[in-house]
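Where a number appears in this text, it was derived from the coordinates with a stated rule and is not lab data. Quick caveat, the model's predicted, so the values are computed rather than measured. Here Cβ is always computed from backbone atoms with ideal geometry, including for glycine, and neighbour counts include all displayed protein chains.
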Amino acid sequence: MTFELPDTFAIVGAGPAGLVTARAFLNYGLKIEILERHSRVGGIWDKSNPGSPVYESCHFISSRDYGGFIGYPMPATYPLYPKWHQIRDYVRGFADTFGLTAFIRTDSDVVSAVPVDTDVGRYWSVTLGSGETRNYRGVVSATGGQWVPVIPKFSGSERFTGTIMHSSEYDDIDVFRGKKVLVVGAGNSGVDIAADAAFMAEKAVLSTRRGYWFLPKLAYGVPVGDLLQGNIPDEKLPAELVGLDSAGIIQKVLDAVVGDVTNYGLPAPDHPLGATHPITNFQVLHALAHGLLSYRPNIQEITPTGVIFEDGSFEAIDVIVFSTGYDNSIPWLPEGMLEYEEGQPKFLLGALVDNVEGLYGAGVLHFAGNTYPVFDQLVQLAAADAKALLSGENGARLKELRASYRPSFKHDGTFLDVRRNANHVDIEAVNTYLKELEEDFGVPVPYFNTPDFYV
């Protein structure tokens, strides 16, 4: 009897990236199974999942109106920046509405996925934590990038008599009550947690390696991200912003709302705006301006009772929170199958793997934009390639893409050469690529203003 290759694709992860992948694959008429290691849908937004980096005060960094899934708007009753449990419920609602829940196998932890080559082609053998082995035509890694905390090493940390934690371990503001708290790092979580500490701790200190640009979350009553990305139509813009490009808008916002950050005791940014992530949070500036939070430069040494900083100052500290980012590890793939750069896996065009048939990635790039729509757009290539693998549809053009199409998603000098920018890309370059993907390679791409793409 001739061996028949399986025709189902495994999607590893039932968080937002896995769910947009599932919808895209189904839209191509492909068979799927979603393997989720936890007991419920939601990924990081289910705060009860072990290792979830979500904390009680966490809110969505994108806006209600433009940050959601294409074709599935968030409820108008949500606030402009929804809270974590609202996003969790929204993600689960998305899975139910598009019939994705039926394809999910929960409590299915993938421990290995290996390609098997036969006379009739390749398939993938996937082993679960239960010991069960299942065969698929291909595998998509959609496990998210915030499960492997990065904690820097500083001299003296082993002698510290207080508490050291990563932001992924932080849950509730009460842990800071009556404590002297140092938050290290100014990513989205870092500034949220520093603000929590400012309003609860006996003393709160924020430490960073460099100066950053600070943006408010709202300006002119509108989410700042939506202003910068051109989401707001002219008729809804304040008159003074009409006709301005994003650079002009951001300059007006910075001048009117933020001003010179050194007035708050912060160092001036040492890079152009956009060279690394700007900080979108105004509570920190409020806390600094009111003496609830103080700033210190990078750590030089940790002592048993506190921290010495690079400017020679010392602060007595009880709790150190490292908000210093995450690596993205895919340990269930054979060693060497993926290249890594600074702890981040490298996927061709954010979706494919060079010279590896049937292996795909989803949600693996970082960018200054609305996450879920861009995840959806980038995974269309994976879905189209999987369809070509099964049926040959559009195979010639996709073979050409794999062989020679290498657009740059970032240019020399665009971003600071720092660890967190290893997989950070220029959203304008991504948008140019998406147009070429449609026009030159015949892969349709959904957009936020085309909500009927999946109807």
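Net charge of the neighbourhood of ILE173, taken over other residues with C-beta under 10 Å away and scored Lys/Arg +1, Asp/Glu -1, is -4.
Modelled this way, with points 7 Å down the Cα-to-C-beta line, the labels at GLU428 and VAL120 are 5.1 nm from one another.
The modelled label-to-label distance for the pair ASP245/LYS217, using points 7 Å beyond Cα in the direction of Cβ, is 3.0 nm.
Which listed residue (PHE441, PRO451, ALA289) has the Cα farthest towards the positive end of the charge dipole for the chain, taking +1 on Lys and Arg C-beta and -1 on Asp and Glu C-beta about the Cα centre? Ranked along the dipole, the leading option is ALA289. Normalised by the number of residues in segment 139-297, the mean separation of alpha-carbon contacts (under 8 Å, six or more apart) gives a relative contact order of 28 percent. Residue exposure proxy: GLU33, GLU341, ordered by other Cβ atoms within 10 angstrom of their Cβ from fewest to most, comes out as GLU341, GLU33. Each part gets one Cα centre, and for segment 1-77 versus segment 82-106 those centres are 7 Å apart.
The length gained on full extension between GLU169 and HIS286, counted as 0.36 nm times the residue separation minus their Cα-Cα distance, comes to 39.6 nm. Taking the DSSP beta bridges with both ends in the chain, the antiparallel portion is around 45 percent. As a proxy for reagent exposure, ILE249, ILE61 were ordered by neighbouring Cβ count within 10 angstrom, fewest first; the result is ILE61, ILE249.
Stokes-Einstein diffusion coefficient for segment 203-314 at 37 °C in a medium of 0.692 mPa s, Rh from the Kirkwood formula over Cα pairs: what value in µm²/s? Taking Rh from Cα pairs, D becomes 209 µm²/s. Ranking of ARG105, ARG88 by neighbouring Cβ atoms within 10 Å, starting from the fewest: ARG105, ARG88.
Inter-label distance, GLU339 to GLU301: 4.1 nm, where each label sits 7 Å from its Cα along the C-beta direction. Compared with the alpha-carbon gap, the fully stretched path from ASP7 to GLU235 is longer by 77.2 nm at 0.36 nm per residue. Between LEU218 and VAL224, the built amide H atoms are under 5 Å apart, and every one of these is 5 or more places off in sequence or on another chain. In this structure, the pairs whose alpha-carbon distance is over 18 Å, taken from LYS31/LYS387; LYS179/LYS203; LYS83/LYS217; LYS83/LYS252, are LYS83/LYS252. Quick one: Debye curve from the C-alpha atoms of the chain, no solvent, what's log10 I(q)/I(0) at q = 0.13 Å⁻¹? The Cα Debye sum returns log10 ratios of -1.25.
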